[in-house]
Amino acid sequence: MSNRRTALYPWHADRKARVVPFAGWDMPVQYTGVIDEHRAVRTAAGLFDVSHMARLSFGGQDAEALLESVFTNSVGTMKDFQVRYGLVCNDSGGILDDVLVYRWPYGHAMVVNASNREKIVGWLQAHAAGKDVQVQDQTDATAMVAVQGPRAVELVAGMFADEVADLKYYYARPTRYRDQGCVVSRTGYTGEDGFEVMLPNALAVTLWEEFVGKGATPCGLGARDTLRLEAAMPLYGHELTEQTDPLQAGLGWAVKLDKGEFVGRSAIQALPTGRPIRVGLELEGKRAAREGCPVRHDGRPVGAVTSGSYAPWLEKSIAMGYVEPGSAAVGTRLEVDVRGSLIPATVVGMPFYKRKK
């Protein structure tokens, strides 16, 4: 079975992007190189094809009740046009996915990780049984483009029927591009200011080329990964899995235990203490720690790395991982086993990188 391709795939292929299979899609991992693309986002503006992310919309009078029952964060307290981050958990409190929920005056929407699309759609449909709610998967009919970096506000100015440069962080606006309906949200996954645009497939290349013409640098998933790591943003399948819960992942702020019942709530409330917790690590030297590298404290195994890389902007080797609480305090000296070499590492606060406002 061949991988799926976004509406922008021919553009990536024509520009000789390095394309790799990712979550069932053929996606560009880099154009000129991860370091160049990473720095373009930190200093100017980068452009990402994120059309592989699943886009769901919800209608019917029970849509909010459905979302409230499966989402760890609060839906009912959202304002119209607000976007909110949270998790979908299983009955035992394990993370099925981390998602964004959008609230409109006329309904709701959700953006889901590409690798979890079928799982989450199935989960929602199972919990929608007997309710007046329609779940529509709009992924195949639409594209999603992210423009990220300090020049992003300047680039979106005047591009859409309604001005979007004044959007507040984590708010979205339905508008039009080239007389076709689209949605622009002030969201992203890089640690920079920026916008994500959802629009019909037929306009994806037009929008993309307009951004490139204004000076945005096309970027692949490689830079997206190093950028989100510097910003200490968890990635599903690495920091977040069905074997990890939101509290040990450091996402307690996105769990509203007082909002009423939701799937996983009672399990999360009953979790034992002493579980490994997510930490940031700074390694000596330039060698990158990779997922699965053991972490030791005074020679004793205390955890493992979930993501690691040489950080292009910070120019140091960083990682995230889970370690025992007794080894998790900022300043704790640890060692990471990188292919048999014990590399000294220090627990540091997260995020590793924070943009200047």
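The values are calculated or read from the model by the stated rules, or taken from the named source; none is laboratory data. Quantities reported herein were computed from a predicted structural model and do not represent experimental measurements. Note: ideal-geometry Cβ built from the backbone for every residue, glycine included; neighbour counts use all protein chains shown. Accessible surface areas use protein heavy atoms only, side chains included; no ligands, DNA or RNA. Shrake-Rupley method; radii C 1.70, N 1.55, O 1.52, S 1.80 Å.
Taking strands (runs of 3 or more DSSP E) as the structural unit, those lying wholly within the stretch 145-263 and holding at least 2 residues that are under 14 Å from the mean Cα position of the chain (by Cα) and modelled with pLDDT of 95 or more correspond to 194-200. Selection within the stretch 100-122: residues that are more than 18 Å from the chain's Cα centre (by Cα) and open to solvent by 60 Å² or more (accessible area, probe 1.4 Å). The member of this set that is farthest from ASN3 (Cα to Cα) is PRO105.
Within the stretch 31-44, restricting attention to residues that are in a helix (DSSP H, G or I) and hydrophobic (A, V, I, L, M, F, W, C), the residue that is most open to solvent (accessible area, probe 1.4 Å) is ILE35.
Looking only at residues of the stretch 16-30 that are of a type in the set (D, E, K, R) and over 22 Å from VAL197 (Cα atoms), we find that the one that is least open to solvent (accessible area, probe 1.4 Å) is ARG18. Figure legend. Inter-residue proximity from the stretch 218-245: first residues touching a residue at least 24 places away in the same chain (Cβ under 8 Å) and closer than 25 Å to ALA17 by Cα, second residues among the charged types (D, E, K, R) and assigned to a helix (DSSP H, G or I), beta-carbon distance below 7 Å, spacing 6+ or different chains. Indicated pairs: CYS219/GLU37; GLY220/GLU37; ALA223/GLU37; LEU235/ARG228. Summed over the stretch 67-90, the residues that are within 19 Å of ARG55 (Cβ to Cβ) and assigned to a strand (DSSP E or B) give a count of 8.
Applying the criterion of being in contact with a helix residue (DSSP H, G or I) (Cβ under 8 Å, 6 or more places away or on another chain) and within 12 Å of ILE95 (Cβ to Cβ) to the residues of the stretch 220-247, the residue that is most open to solvent (accessible area, probe 1.4 Å) is LEU247. Checking each residue in the stretch 1-29 for being aliphatic (A, V, I, L, M), in a loop (DSSP other than H, G, I, E, B) and either within 21 Å of the chain's Cα centre (by Cα) or farther than 14 Å from ARG224 by Cβ (or both) picks out MET1, ALA7, LEU8, ALA23.
Only a single item in (1) closer than 18 Å to LEU235 by Cβ; (2) open to solvent by 60 Å² or more (accessible area, probe 1.4 Å) is not met by ARG339, and it is number (1). Across the stretch 336-357, the number of residues qualifying as part of a loop (DSSP other than H, G, I, E, B) and out of contact with any Pro (no Cβ under 8 Å at 6 or more places or on another chain) comes to 10. Checking each residue in the stretch 248-266 for being free of Cβ contacts under 8 Å to residues at least 24 places away in the same chain, open to solvent by 60 Å² or more (accessible area, probe 1.4 Å) and within 16 Å of SER92 (Cα to Cα) picks out only SER266. Cβ-Cβ distances below 9 Å connect the following pairs, each with a first residue in the stretch 122-136 that is farther than 13 Å from VAL70 by Cβ, a second residue that is among the polar types (S, T, N, Q) and open to solvent by less than 60 Å² (accessible area, probe 1.4 Å), and a separation of six or more residues or different chains: GLN134/SER57; GLN136/SER57.
Tell me yes or no: at least one residue of the stretch 91-114 is assigned to a helix (DSSP H, G or I) and within 30 Å of ALA202 (Cα to Cα). Looking through the stretch 91-114, at least one residue is assigned to a helix (DSSP H, G or I) and within 30 Å of ALA202 (Cα to Cα).
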